[in-house]
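The values are calculated or read from the model by the stated rules, or taken from the named source; none is laboratory data. Since the model is a prediction, treat every value here as computed from it, not as a measurement. All Cβ positions, glycine included, derive from the backbone under ideal geometry; neighbour counts span all protein chains shown. Just the protein is used for accessible areas: all its heavy atoms, side chains included, with ligands, DNA and RNA removed. Shrake-Rupley method; radii C 1.70, N 1.55, O 1.52, S 1.80 Å.
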Amino acid sequence: MNKIIRHLWESLTDSVRDLAPIVGVIAFFQLAVLQQPIPDLLGLLTGTLMVVVGLTLFIYGLQVGLFPIGESMARDFAAKGSLFWILVFSFALGFGTTVAEPALIAVSDEAATVAASGGMIEDNEHSREEYADGLRLTVAISVGLAIVVGVLRIIRGWPVQYLIIGGYAGVVIMTAFAPQEIIGIAYDSGGVTTSTVTVPLVTALGVGLAKSIRGRNPMTDGFGLIAFASLTPMIFVMAYGMLL
């Protein structure tokens, strides 16, 4: 019990320290530059307190739950010695965490609304839902495939820089041919995949796998999966826009 309380306290102090600069910047510009009173101060303080508590529990959950289970499953799959099941698990993990990503859901819904108002799709609920679901699935599939490539890189020892350079070359080429209306959405889709759900599990997978394979360094080989996860959605979403 004392260990849990100590870890929670450490997470709480870390959360307060991380949020303090944000609060300081807002207070400075509101009071010193704009010289206006802070609107709804009670609501702001309540919301800030809720953010601190939520961030504290989230960080604690990562430390005691997601990171350990991600690393242990990676070690178990490596010990099993089946490349097929490692790749299947990698794809499923990338797909599952991305399709449930709250940031991606929000961006997809907003993109569908804008596409309907701009005349790209019919302005009705069915068309908007279909467009948003198609965008989410496209991004989720691309992240799943990206994690598969990243895991193969760790297993085979491929240099990460060449894969990243090739991927961004593909992004530049696709940008030249994709419809202008989809380019911004594609670029943002690459960003929203690196959010609260995807990053912890994918990072734990990479580090755990690198620790389990002889000759691999967790520091140099265990990281890089997130770069693939943010790169491939740009290409896939632009291709999705070209097909539409």
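When the stretch 20-37 is filtered for residues that are touching a helix residue (DSSP H, G or I) at 6+ places or on another chain (Cβ under 7 Å) and surrounded by 12 or more Cβ atoms within 10 Å (Cβ to Cβ), only 23 remains. Return the residue satisfying two criteria in turn: it lies in the stretch 170-206 and is open to solvent by less than 20 Å² (accessible area, probe 1.4 Å) and farther than 26 Å from residue 114 by Cβ, and of such residues it is modelled with the lowest pLDDT. Ranking the qualifying residues of the stretch 170-206, first place goes to 200. Mind checking whether some residue in the stretch 91-110 is assigned to a helix (DSSP H, G or I), open to solvent by 70 Å² or more (accessible area, probe 1.4 Å) and more than 30 Å from residue 209 (Cα to Cα)? Among the residues of the stretch 91-110, at least one is assigned to a helix (DSSP H, G or I), open to solvent by 70 Å² or more (accessible area, probe 1.4 Å) and more than 30 Å from residue 209 (Cα to Cα), which makes the answer yes. Once the stretch 1-19 is narrowed to residues that are under 25 Å from the mean Cα position of the chain (by Cα) and over 17 Å from residue 61 (Cβ atoms), the residue that is least open to solvent (accessible area, probe 1.4 Å) is 19.
Which condition number in (1) surrounded by fewer than 11 Cβ atoms within 10 Å (Cβ to Cβ); (2) over 30 Å from residue 20 (Cβ atoms) is the one that residue 73 fails? Among (1) surrounded by fewer than 11 Cβ atoms within 10 Å (Cβ to Cβ); (2) over 30 Å from residue 20 (Cβ atoms), residue 73 violates only (1). For the stretch 81-101, filtering for residues that are in contact with a Ser or Thr (Cβ under 7 Å, 6 or more places away or on another chain) and not charged (D, E, K, R) leaves 2.
The sole residue among 201, 209, 205 that is more than 19 Å from the chain's Cα centre (by Cα), part of a helix (DSSP H, G or I) and either closer than 14 Å to residue 90 by Cβ or not hydrophobic (A, V, I, L, M, F, W, C) (or both) is 209. Cβ-Cβ distances below 8 Å connect the following pairs, each with a first residue in the stretch 122-140 that is closer than 15 Å to residue 182 by Cα and in contact (Cβ under 8 Å) with a residue 24 or more places away in the chain, a second residue that is charged (D, E, K, R) and in a helix (DSSP H, G or I), and a separation of six or more residues or different chains: 132/109.
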